[in-house]
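Below is one structure; the comments refer to it alone.
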Amino acid sequence: MNPTSTPPTSPACATCPVHNLAGLKRLGVDMADWDYVVALAGNPNVGKSTVFNNLTGLRQHTGNWPGKTVTRAEGGFEYAGRRHKLVDLPGTYSLLATSTDEEVARDFLLFGRPDVTIAVVDATRLERNLNLVLQVLEITERVVVCLNLLDQARRLGIEIDDRRLARDLGVPVVRTAARYGEGTQALLQAVDEVATGRAACRPRRVFEEPPVLKQALNSLVTELTRLHPDLPNPRWVAWRLLDGDQRIAEALRDGELPGPSATARQAGAAAAVRGSNS
Ligand SMILES: Nc1nc2c(ncn2[C@@H]2O[C@H](COP(=O)(O)OP(=O)(O)O)[C@@H](O)[C@H]2O)c(=O)[nH]1
Ligand SMILES: [Mg+2]
């Protein structure tokens with residue numbers, strides 16, 4: 001059976017661990033009345049769409065597919081009686097918005113305000129993948145790290161101390177081999193704990209700003225908060241401005257970021273993202 005495919009279609013599937021997960025109901029494209037929004041972020045080719053398909057029962061394309069569309073895929077799943085809208089973001093190496101993919105991913109994390117972000121990482125290339133995880137943690141604290149491709153890591157003799165990693169990052173880490181359905185139950189459990197606030201995320205910021213930079217950031221944050229009281233993460237936006245991020249500067253100038261002129265639009269957008277039940 002193809003483990004990245006759809007929900008049970010034959011009797012054999014009923015006993016398959018990939019499909020038979022306690023408390024999980026795959027909702028496909030039904031995303032009505034969700035309780036939580038969950039985003040899937042990660043580098044390209046780390047198994048995001050495979051996780052997406054496992055949880056929703058949809059058939060999002062998996063594998064290296066040149067010319068893949070940039071648009072995000074959305075689907076639903078229910079776990080422990082709570083309904084989730086799952087958003088599969090484009091794969092990116094960073095969130096600096098130097099490409100459309102990065103912009104789509106970053107804007108969703110910032111403005112879509114997901115309740116949980118699953119950061120999928122390739123266990124065989126952990127160091128490279130953590131770069132994005134740290135950037136995600138700068139934007140949102142509510143993260144579950146999905147340490148995927150564990151079967152390949154095992155084959156290569158790579159051992160990862162996931163408890164240490166969770167402690168160092170300050171967020172839950174779950175070991176998975178999504179292609180084989182391994183770890184999906186633990187992933188659902190971790191997502192549920194973060195979504196409901198039963199698990200606290202305390203991301204460790206790796207970089208301690210020097211005093212002069214801290215001062216500049218603080219005064220920018222004060223000004224940004226005054227002009228844009230609804231800004232989701234003013235500190236992160238201040239960072240980007242100091243870094244010379246033209247896209248963020250433009251968004252502020254054009255009223256794309258929430259501010260006095262964009263308050264009404266933001267309220268509308270937030271309602272659209274969260275659905276009718278929030
Ligand atoms: N061996 C192995 N392959 C995986 C695993 N998860 C995903 N894959 C494969 O890796 C490739 C990329 O997966 P995909 O879900 O498209 O990655 P995405 O680009 O992050 O969405 C596909 O061929 C998957 O079948 C895993 O845990 N183990
Ligand atoms: Mg994909």
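The values are calculated or read from the model by the stated rules, or taken from the named source; none is laboratory data. Keep in mind the model is a prediction, meaning the values are calculated, not measured. Glycine also receives a Cβ, built like all others from the backbone with ideal geometry; neighbour counts cover every protein chain displayed.
Would you be able to say whether some residue in the stretch 133-153 is within 16 Å of ligand 2 (Cβ to nearest atom), of a type in the set (Val, Ile, Thr) and in contact with a helix residue (DSSP H, G or I) (Cβ under 8 Å, 6 or more places away or on another chain)? Explain how you work it out, then say what you get.
First, pick out the residues of the stretch 133-153 that are within 16 Å of ligand 2 (Cβ to nearest atom): 146, 148-149.
Narrowing further to those that are of a type in the set (Val, Ile, Thr): none.
Scanning the stretch 133-153 turns up no residue that is within 16 Å of ligand 2 (Cβ to nearest atom), of a type in the set (Val, Ile, Thr) and in contact with a helix residue (DSSP H, G or I) (Cβ under 8 Å, 6 or more places away or on another chain).
Do we find a residue being of a type in the set (A, V, I, L, M, F, W, C), at pLDDT below 90 and not in a loop (DSSP other than H, G, I, E, B) anywhere in the stretch 67-87? Walk me through how you get there before you give the answer.
Taking the stretch 67-87 first, the residues of a type in the set (A, V, I, L, M, F, W, C) are 70, 73, 77, 80, 86-87.
In the following step, the residues that additionally are at pLDDT below 90 were identified as 70, 73.
Among the residues that remain, those that are also not in a loop (DSSP other than H, G, I, E, B) are: 73.
Yes, that holds for at least one residue.
Only one of ASN54, ASN64 is closer than 24 Å to THR184 by Cβ, within 13 Å of ligand 2 (Cβ to nearest atom) and either buried (at least 23 other Cβ atoms within 10 Å of the Cβ) or at pLDDT 95 or above (or both). Can you tell me which? Write out each step before concluding.
On the way: ASN64 fails: either buried (at least 23 other Cβ atoms within 10 Å of the Cβ) or at pLDDT 95 or above (or both).
Result: ASN54 is the single residue among ASN54, ASN64 that is closer than 24 Å to THR184 by Cβ, within 13 Å of ligand 2 (Cβ to nearest atom) and either buried (at least 23 other Cβ atoms within 10 Å of the Cβ) or at pLDDT 95 or above (or both).
Considering only the stretch 142-150, I want to know if a residue exists there that is under 20 Å from ASN43 (Cα atoms), charged (D, E, K, R), crowded, with 16+ Cβ neighbours inside 10 Å and under 16 Å from the mean Cα position of the chain (by Cα).
Narrowing the stretch 142-150 to residues under 20 Å from ASN43 (Cα atoms): 142-150.
Okay, now just the ones that are also charged (D, E, K, R), so 142.
Filter again for crowded, with 16+ Cβ neighbours inside 10 Å, leaving 142.
Those still in the list that are under 16 Å from the mean Cα position of the chain (by Cα) too: 142.
The answer is yes; a qualifying residue exists.
Would you point out which residue out of ALA39, ALA32 is in contact with a strand residue (DSSP E or B) (Cβ under 6 Å, 6 or more places away or on another chain) and either at pLDDT 95 or above or more than 9 Å from ligand 2 (Cβ to nearest atom) (or both)?
Details: ALA32 fails: in contact with a strand residue (DSSP E or B) (Cβ under 6 Å, 6 or more places away or on another chain).
Unique residue meeting the criteria: ALA39.
Return yes when ASP107 is assigned by TED's automatic domain parsing to the domain that holds ARG142, within 13 Å of the chain's Cα centre (by Cα) and closer than 19 Å to ASP245 by Cβ and no when it is not. Walk me through it before giving the result.
Working: assigned by TED's automatic domain parsing to the domain that holds ARG142: yes; within 13 Å of the chain's Cα centre (by Cα): yes; closer than 19 Å to ASP245 by Cβ: yes.
Yes; evaluated as a whole, the condition is true for this residue.
So which of LEU242, LEU257 ends up being closer than 25 Å to SER99 by Cα, outside the structural domain of ALA97 (by TED's automatic domain parsing) and at pLDDT 85 or above?
Values: LEU257 fails: at pLDDT 85 or above.
On inspection, the qualifying residue turns out to be LEU242.
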